[in-house]
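Read the structure below first, then the notes.
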Amino acid sequence: MFDMITIGDIKLDTFVILDEASVQCQLKMPDCLLCIDYGAKIPVKVVDSQIAGTAPNVATGLARMGMKTAVMSIMGEDGTRHLALTRFKEEGISPAYIRVSKKEPSAYSVVLNFKGEKTILTSHIQRAYRLPRKLGRTKWMYVGEMGPGYELLYRSIMALRKKQPIFLGINPGTIQIEERKQIFLDFLSTADVLFVNREEAQKITQVTTTEIHHLATSLWQLGAKKVVITDGGNGSYSFDGKELHSCPIFPGKLVEATGAGDAFATGYISALMHNQFHDEALRWGAVNSTSVVGKVGPQAGLLTLSQIRRRLRKVQNFHVVKM
């Protein structure tokens, strides 16, 4: 029995620090552009290349908290797969549900870091995503970003959950949100917890307001039991159809923001697994997220359970507010 099976693309992220760039913002905030000289040769600092993606990030985070986790994905028969299997062995994550595609390479991303904020250039590869015939039992599933070809997988997960009691967390990717197919909306309606950022919430609901209560209500009306919205430096919010809670960011230094949302979801879900209420889950998510953005990459800063509790004890005035 697994505590969590995460599902989504496994990528190799290359982290690049830009010194020669500028940010130009439109009159309507927060519409901003990262600008570099067209046609120029721009010196950069390559910090690292790491295995990343929502599925491996969340599986790694929960494994460090003592959970039994597995990742379900499709990878190419290449060096990225070898690196991923090595990392999973180090973290105690099961690779039993990773299929190999000999026709397509593994996914990849280039993460541009300018003044602590990230801009990601990422690949989206067509895959035949599906559940394996022999799938071990699990308490939770967490479905993250993936390329085209996700429709059958969504249907299969919905069918499986009619036969087995499985909690479901969803953090949809760019492709799913942009296409906004009916199967995507049907899938969201079955979530126990839906994780999105503010911009994703606007795209999914097709509303222009930035008012968080309206956004949270619009998302909840799609069917998810609990909606969690992250909003960068403004903190995070959770809504269950009755109460809206707000949590500030946990104090800490911003180095590089990749994986902040995945770390938040990891802390949040871990709290639920440990029978904490949703307001406390926001605090666990916040402290885990702050730790991750204090390092380069999405996994180096992921905390253990004891580290989360210890850091929260040190900041006793860190509270969640009911709005």
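Read-outs: derived from the displayed coordinates by stated rules, not from any lab. Remember, predicted model here, so these are calculated numbers, not experimental data. Positions of Cβ are backbone-derived with ideal geometry, glycine not excepted, and every protein chain shown enters the neighbour counts.
The lysines whose alpha-carbon is closer than 16 Å to the alpha-carbon of Lys181, local same-chain residues fewer than 8 away aside, are Lys203. Volume of the convex hull of region 32-182 (Cα atoms only), normalised per residue: 162 Å³. Structure note, pairs Lys118/Lys295; Lys226/Lys322; Lys139/Lys225: Cα-Cα distances above 19 angstrom do not occur. Taken along the Cα-to-beta-carbon direction at a fixed 7 Å, the label points for Leu34 and Asp240 span 3.8 nm. Placing dummy labels 7 Å off each Cα toward the beta-carbon, the span from Lys118 to Asp186 is 3.2 nm. Each distinct pair of alpha carbons in region 91-155 adds a 1/r term; the inverse of their mean, the Kirkwood radius, is 14.7 Å.
Between Leu222 and His274, the contour length at 0.36 nm per residue exceeds the Cα-Cα span by 16.0 nm. Between the entries [x] 44; [y] 38; [z] 30, the label attached to percent of Cα pairs over 28 Å apart calculated for this structure is [y].
A simple packing score, the average count of other Cβ atoms within 10 Å per residue, orders the peptides 133-143, 59-69 as 59-69, 133-143, with the highest score first.
Of interest is the spacing of the C-alpha centroids, which for region 245-318 and region 154-215 amounts to 22 Å.
Taking amide H positions as modeled 1.01 Å from N, with prolines and chain starts lacking one, the residues under 5 Å from Lys295 and 5 or more places away or on another chain are Val255, Glu256. Based on DSSP H segments of at least four residues, each scored -39500 (n - 2.57), the chain has a per-residue ellipticity at 222 nm of -9500 deg cm²/dmol. Ordering of 216-227, 180-191 by packing is 216-227, 180-191, highest average first (other Cβ atoms within 10 Å, averaged per residue).
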